[in-house]
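Input: a single structure, listed below in structure tokens.
The values are calculated or read from the model by the stated rules, or taken from the named source; none is laboratory data. Here the structure is a predicted model, which means the values were calculated and not measured. So basically every Cβ, Gly included, is an ideal-geometry build from the backbone, and we count neighbours across all protein chains shown.
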Amino acid sequence: MTPASIQLPFNFAFGSEADFHSFCCEAANAPLFHQLQQDTRAQGQFLWLWGAGGCGKTHLLQAFCQAHPEAIYLPLEKLLAYEPQSLASLQHSSLLVLDDMELVAGQPEWEEQLFNLCQQLLVNGGRLVCTALSPPALVQFRLADLQSRLQLALVYEVHELSDAGKASVLTERARQRGIELREEVVNFILARNQRNLHDLMAVLDQLDRQALAEQRKITIPFIKACLHW
């Protein structure tokens, strides 16, 4: 199958709350947050966001894509189900957004195709926005040329929210579902659960489903019974 004949599913779904308005932006992330709300073209062709899992990278990427209709959003976790040659069909894109770049590190065919894509984007004036757990210099790519190209990117760290910020996000996401979480309930969850936003939202999903099924309010005794804490 030739690259031109490969059909990619460019309709990867965005999170329902993944927009700039719903992103809890503390001072440490303010420069990046404001940068993404502006036209990134003036800052160069490549932009790289990095930070620990659950710090909000995917939220920011998806918010950025929703503000730029020309963007093609590709979560590499899902794209890896396809052939590496699928990237060749993207060389004339004006704006590519790739999530979780570390997932292709150490995979020679993917690295080669990604390097070729970067080269073509530079030639064609396309832009690339990426996320990873580390800055490009620390991702374990085997292809030195790829690492060199990606180090051309403007690099921003996405800082994890403070506990107060996480409490605010948890409270607001619950409110959007019609759930009132009292302060002591939020503090109880934060004290006993993994504190990255992925895990906190997963806990909220579980509590919401169980509370709806049992027609109960989310209280500390309910949480203890539901989550076996």
> Wholly within segment 131-229, which helices (runs of 4 or more DSSP H) include no fewer than the required count, namely at least 2 residues that are of a type in the set (S, T, Y) and either modelled with pLDDT under 95 or more than 28 Å from D19 (Cα to Cα) (or both)?
Replying inline: 163-176
>> Condition first: at pLDDT 90 or above, among the small types (G, A, S) and exposed (fewer than 14 other Cβ atoms within 10 Å of the Cβ). Now tell me which residues in segment 1-51 satisfy that.
In response: A27, A30
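Here is a yes/no grid of residues against (1) under 22 Å from the mean Cα position of the chain (by Cα); (2) in contact (Cβ under 8 Å) with a residue 40 or more places away in the chain; (3) in the same structural domain as Y73 (by TED's automatic domain parsing):
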site	(1), (2), (3)
V97	yes, no, yes
L103	yes, no, yes
E109	no, no, yes
E112	no, no, yes
V123	no, no, yes
V129	yes, yes, yes
L133	yes, yes, yes
A144	no, no, yes
A153	yes, yes, yes
> Is it fair to say Q215 is out of contact with any Asp or Glu (no Cβ under 6 Å at 6 or more places or on another chain), touching a residue at least 40 places away in the same chain (Cβ under 8 Å) and not assigned by TED's automatic domain parsing to the domain that holds Q107?
Replying inline: no
